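These notes are about the structure you will find just below.
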Amino acid sequence: MTASLPRRRFLRAGLGTTTLLLGCGSGCSSSRREPIKFATNPWPGYDPLYVAREKGFFDEAGLNVSLVDLTSLGASRRAFERGQVDGCGATLVELLLAADQSGIRPQIAAVVDYSDGADVVIGRNALAGLADLRGLRVAIEPGTLHIQLLALALASVELTVRDVQLVPMPQNAMPAAFADGRVAAAVCFPPESNRLLEKNGKVLFHSGQVPGEVVDTLVFDSSFVARRGPDVQAFVVAYYRAMAFIESHSDEAHAIMARRENVDVAELRATLAGLHYVSRQEQRVLLAPDGPVARSLDHLQGAMMTLAQLRQSRSLKDFLIARDLIAASDVTA
């Protein structure tokens, strides 16, 4: 059975030029040991940060990194919005909500993974396909990436969230609601998706059908990037050092990650099967103006604005001031 991890629940300062960000001015050495506070929630996409900490990669980069363990993406976002941390792990939902509700400008330092089949829309066996959801009740957990996957799924059959009846509920309540007939479909991930399949459900859509669109990212506040661009770069380099270590020393690295998740290694590896870690080389393609992340952001914003969850629309470029600093960097571990 796929692992049960408490994944991704709840949910204008300008910058100078890239030259400014890449440059290490007179304040660089003095700022280098100032803590970088970064919030995470349990999810393997962020676990390489814990490998980097345990293996000393942050220390070797001259960074003082404090990883702030929180229980959900929503908690991470709120800490980020309040200025309690400098950065956090985030999905596109958190990016949009943070920018819209707090006025801060999150900057994507790296896309760390994308869901590759772990997130699903499950419906009753009697449904022929997604188009049959028109007018039916669909369970989603508010404030999560559920709305993103549902928007992508419905768009594939030329429907929108207006064409279904959204039924908000915690994900752990979905199996009972599905079994009782209170909903015809649900957006979820393991372990609840397994329970729905056991209750005569079938997968109508999964995140593997939209590769690169349901993503997790490392983000920093724009003002922090403006002040400490080289440290942001060093932070991401340490992350990729950890990714290389995971590839070459998987047993040791997975043991570190499993401890972080409070699961055994077998459970961790089962969860890893449903995601794709994103390499540095893949960043440009994913973050291109007409790329997968931009397409997903457009669908997501349309859904969130329909539901009055956003006040204004933004484009991906609003979140990419740091992209050239990070994704195009030739710095290697």
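Residue-by-condition table, conditions (1) out of contact with any strand residue (DSSP E or B) (no Cβ under 9 Å at 6 or more places or on another chain); (2) basic (Lys, Arg); (3) outside any helix (DSSP H, G or I):
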{"position": "ALA151", "(1), (2), (3)": "yes, no, no"}
{"position": "GLU158", "(1), (2), (3)": "yes, no, yes"}
{"position": "ARG162", "(1), (2), (3)": "yes, yes, no"}
{"position": "LEU166", "(1), (2), (3)": "no, no, yes"}
{"position": "VAL183", "(1), (2), (3)": "no, no, yes"}
{"position": "ALA186", "(1), (2), (3)": "no, no, yes"}
{"position": "LEU197", "(1), (2), (3)": "no, no, no"}
{"position": "PRO211", "(1), (2), (3)": "no, no, yes"}
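Of the residues making up the stretch 119-135, those that are aliphatic (A, V, I, L, M) and buried (at least 24 other Cβ atoms within 10 Å of the Cβ) number 4. Whether a residue is open to solvent by 10 Å² or more (accessible area, probe 1.4 Å), at pLDDT 95 or above and assigned to a helix (DSSP H, G or I) was assessed, and ALA176 passes this test.
Each residue in the stretch 132-149 was checked for being in a strand (DSSP E or B) and over 16 Å from ALA184 (Cα atoms), and 0 pass.
When ALA273, ALA294, ALA288 are checked against the criterion of being out of contact with any Lys or Arg (no Cβ under 8 Å at 6 or more places or on another chain) and closer than 27 Å to PRO142 by Cβ, a single residue qualifies: ALA294.
The values are calculated or read from the model by the stated rules, or taken from the named source; none is laboratory data. Note that this is a predicted model, so its numbers are computed, not measured. Neighbour counts run over all protein chains shown; Cβ positions are idealised from the backbone, glycine included. Heads up: the accessible areas ignore ligands, DNA and RNA and are worked out on the full protein's heavy atoms, side chains in. Shrake-Rupley method; radii C 1.70, N 1.55, O 1.52, S 1.80 Å.
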